[in-house]
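Read the structure below first, then the notes.
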Ligand SMILES: [Zn+2]
C-alpha cells in the first residue's frame with residue numbers, strides 16, 4: 001500500500017507486547033501506527049492483523065543448493081564439508097540468485113527483518129548487499145574472521161562466530177574485542193553438536209547464543225543470569241540429528257528466546273514453519289512462541305523500539321491474514337491459529 005496517506009485496517013488485531021487479540025482497527029500514516037481503536041471504521045482491508053516476523057538467525061549464503069543428503073553436522077557444514085564444496089562449485093551469480101530467491105520468500109511469508117551469519121569475508125558481505133538492493137527487508141549482517149584475515153569485514157552489523165572451537169582463542173578474542181570497540185553485537189553458535197563449546201562461548205560474554213540444543217540446566221542458568229539471549233532453530237536441528245533445544249526450560253528461566261530458520265540449504269526461510277514446530281513440539285504457550293518469532297527477535301537485532309509488536313508509535317510493518325480462508329475459518333483463538341496453523345497462503349496483505 002502507498003505510504004504518505006493513511007491506511008486503515010480493521011478486524012482482529014494482535015495488539016501490544018502481550019499479543020492480545022482485540023477487535024478494532026489501526027491507522028497507519030507514513031509508515032507509523034498512529035491509532036488503535038475498538039470501534040468499526042470504513043477500512044481499506046479487513047482481516048487478522050499481526051506484526052511481521054523477525055528471523056533472528058539465518059545463513060542466506062547457501063541458498064543456491066537445497067536439501068543435501070542426511071549427513072552429520074560436521075559433514076554438512078564443517079570445514080571441507082558438503083556446504084563448502086557446493087559453495088566452491090557455484091558461480092557468484094548463482095549464489096546471488098539463490099539469496100534473492102530466499103529474500104523473496106522471506107518477504108512473502110511475512111518476515112520484515114533478519115540476522116544473517118555471513119561466511120566468505122568481505123566478498124560474502126558484498127554478495128548479500130547486492131541481493132538486497134531494492135528489497136524492502138531490514139538486514140543485520142554478522143561477519144566473522146576468515147582463514148587469512150582476522151578482521152570482521154567493514155559494513156557488518158556484528159560478529160557471528162561459527163563456534164568457539166572453529167578458531168584459535170586468540171583469533172576469537174581479537175574479533176570480539178574489535179566488535180566491542182565498534183559497539184557491535186556478538187553472536188555465537190554454541191551447544192549444537194555437543195555441549196563442549198558452551199563454556200568457552202559464555203566466557204566471551206556474547207549478546208546471544210544460537211542453538212543450545214545440547215545445553216543442560218547448569219548452562220541455561222548461567223545464560224539466564226548473564227542476560228544472554230538465545231536463538232533456536234529446531235527444524236535445522238531435526239535435519240542434522242543433533243537433538244531439539246530445551247525451549248520450555250529456557251522459557252521458565254526467563255531467557256530472551258528468539259527463533260531463526262538457519263541454513264537455507266537445510267530448511268526454508270519461512271518463519272511460519274519454524275513457529276509451528278516450536279509450538280507443537282517444544283513450547284505449549286502460543287503467546288510466548290509468537291513473541292519468540294517477533295518481539296524477542298527484534299530485541300536481539302536492536303529493532304524492538306520500531307518493530308516486533310503493534311502499538312502506536314511503532315512502524316506499521318504488519319501482515320493481514322484472511323480469517324475466512326479454508327485454513328483459518330472456524331478459528332476460536334486467532335493467536336493460536338496463527339502460531340499453530342497459519343501459512344503464507346493465508347496472507348492477504350503485507351505492509
Ligand atoms: Zn547457524
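Would you mind stating whether residue 221 is without any contact (Cβ under 8 Å) to a residue 12 or more places away in the chain, away from the ligand (no atom under 16 Å from the Cβ), in the same structural domain as residue 145 (by TED's automatic domain parsing) and assigned to a helix (DSSP H, G or I)?
no
Checking the condition buried (at least 19 other Cβ atoms within 10 Å of the Cβ), within 15 Å of the ligand (Cβ to nearest atom) and in a helix (DSSP H, G or I), which residue from 236, 164 passes?
Going through 236, 164 in turn, just one is buried (at least 19 other Cβ atoms within 10 Å of the Cβ), within 15 Å of the ligand (Cβ to nearest atom) and in a helix (DSSP H, G or I): 236.
Restricting to the stretch 316-341, what's the tally of residues that are part of a loop (DSSP other than H, G, I, E, B) and touching a helix residue (DSSP H, G or I) at 6+ places or on another chain (Cβ under 6 Å)?
5
Determine, yes or no, whether residue 313 is touching a strand residue (DSSP E or B) at 6+ places or on another chain (Cβ under 8 Å), outside any helix (DSSP H, G or I) and modelled with pLDDT of 95 or more.
Answer is yes for this residue.
Run down 105, 87 and say which single residue is out of contact with any strand residue (DSSP E or B) (no Cβ under 8 Å at 6 or more places or on another chain), in a helix (DSSP H, G or I) and under 20 Å from residue 297 (Cα atoms).
Step by step, each of 105, 87 is checked, and only 105 is out of contact with any strand residue (DSSP E or B) (no Cβ under 8 Å at 6 or more places or on another chain), in a helix (DSSP H, G or I) and under 20 Å from residue 297 (Cα atoms).
Looking at 79, 2 in this structure, which one is within 16 Å of the ligand (Cβ to nearest atom), modelled with pLDDT under 95 and not in a strand (DSSP E or B)?
Of 79, 2, the one residue that is within 16 Å of the ligand (Cβ to nearest atom), modelled with pLDDT under 95 and not in a strand (DSSP E or B) is 79.
Confirm whether residue 37 is surrounded by 18 or more Cβ atoms within 10 Å (Cβ to Cβ) and either more than 29 Å from residue 103 (Cβ to Cβ) or not assigned by TED's automatic domain parsing to the domain that holds residue 270 (or both).
no
Looking only at the stretch 285-310, which residues are within 22 Å of residue 247 (Cβ to Cβ), out of contact with any strand residue (DSSP E or B) (no Cβ under 8 Å at 6 or more places or on another chain) and part of a loop (DSSP other than H, G, I, E, B)?
Across the stretch 285-310, the qualifying residues are 285, 304.
The values are calculated or read from the model by the stated rules, or taken from the named source; none is laboratory data. These figures come from a predicted structure and were not determined experimentally. With ideal geometry, Cβ positions are generated from the backbone for all residues, glycine too; neighbour counts draw on all protein chains shown.
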